Amino acid sequence: MIIGDRLRSLREAKKLSQGNIEQRTGLLRCYISRVENGHTVPAVETLEKFARALEVPLYQLMYDGDKPPAPLKTRTGKKAQKDEYGASGRDAVCWTSSANI
């Protein structure tokens, strides 16, 4: 998915113009156009501004489903595979699903 296409479709679905987004974000309209047309890749901070302006959670800029994506379940302890990052050594971390927190 091209992030610019997603931003444009969300903006048009909310019946907002690039000028409206300019006012809400403080970003120049020419920059918004460059992002939507794929000429510029925005930084995460800029994507946060777009999300606030479009009144959507940040994940919706990159996810095309109706519900939030399910949290990833990772293996911990003895179930973890040796080749998984963080399964052993100084990087060993005990990760759990965020749904259990």
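Are any residues in the range 50-67 in a loop (DSSP other than H, G, I, E, B) and either more than 17 Å from I2 (Cβ to Cβ) or open to solvent by less than 40 Å² (accessible area, probe 1.4 Å) (or both), and if so, which ones?
E55, V56, P57, G65, D66, K67
Please enumerate the residues belonging to the range 2-51 that are touching a Gly at 6+ places or on another chain (Cβ under 7 Å) and of a type in the set (D, E, K, R).
R29, E36 - these are the residues of the range 2-51 that are touching a Gly at 6+ places or on another chain (Cβ under 7 Å) and of a type in the set (D, E, K, R).
Please enumerate the residues belonging to the range 10-24 that are of a type in the set (D, E, K, R), free of Cβ contacts under 8 Å to residues at least 12 places away in the same chain and not in a helix (DSSP H, G or I).
Scanning the range 10-24 gives a single hit, K15.
Can you tell me which of (1) outside any loop (DSSP other than H, G, I, E, B); (2) surrounded by fewer than 16 Cβ atoms within 10 Å (Cβ to Cβ) is the one V41 doesn't meet?
Status for V41: all satisfied but (1).
Out of (1) modelled with pLDDT of 75 or more; (2) outside any helix (DSSP H, G or I); (3) out of contact with any Lys or Arg (no Cβ under 7 Å at 6 or more places or on another chain), what's the single condition that is false for G86?
(1)
Given L47, L7, L27, L72, which one is assigned to a loop (DSSP other than H, G, I, E, B) and open to solvent by less than 50 Å² (accessible area, probe 1.4 Å)?
Answer to the selection: L27.
Mind checking which pairs have a first residue in the range 45-56 that is in contact (Cβ under 8 Å) with a residue 24 or more places away in the chain and a second that is outside any helix (DSSP H, G or I), Cβ under 8 Å, 6 or more apart or different chains?
K49/G26; K49/L27; F50/P42; A53/L16; L54/K14; L54/L16; E55/K14
The values are calculated or read from the model by the stated rules, or taken from the named source; none is laboratory data. Computed from a predicted structure; not experimentally measured. Cβ coordinates were reconstructed from backbone atoms using ideal geometry, including for glycine residues, and neighbour counts include every protein chain displayed. The area values use the complete protein model at the heavy-atom level, side chains included, leaving out ligands, DNA and RNA. Shrake-Rupley method; radii C 1.70, N 1.55, O 1.52, S 1.80 Å.
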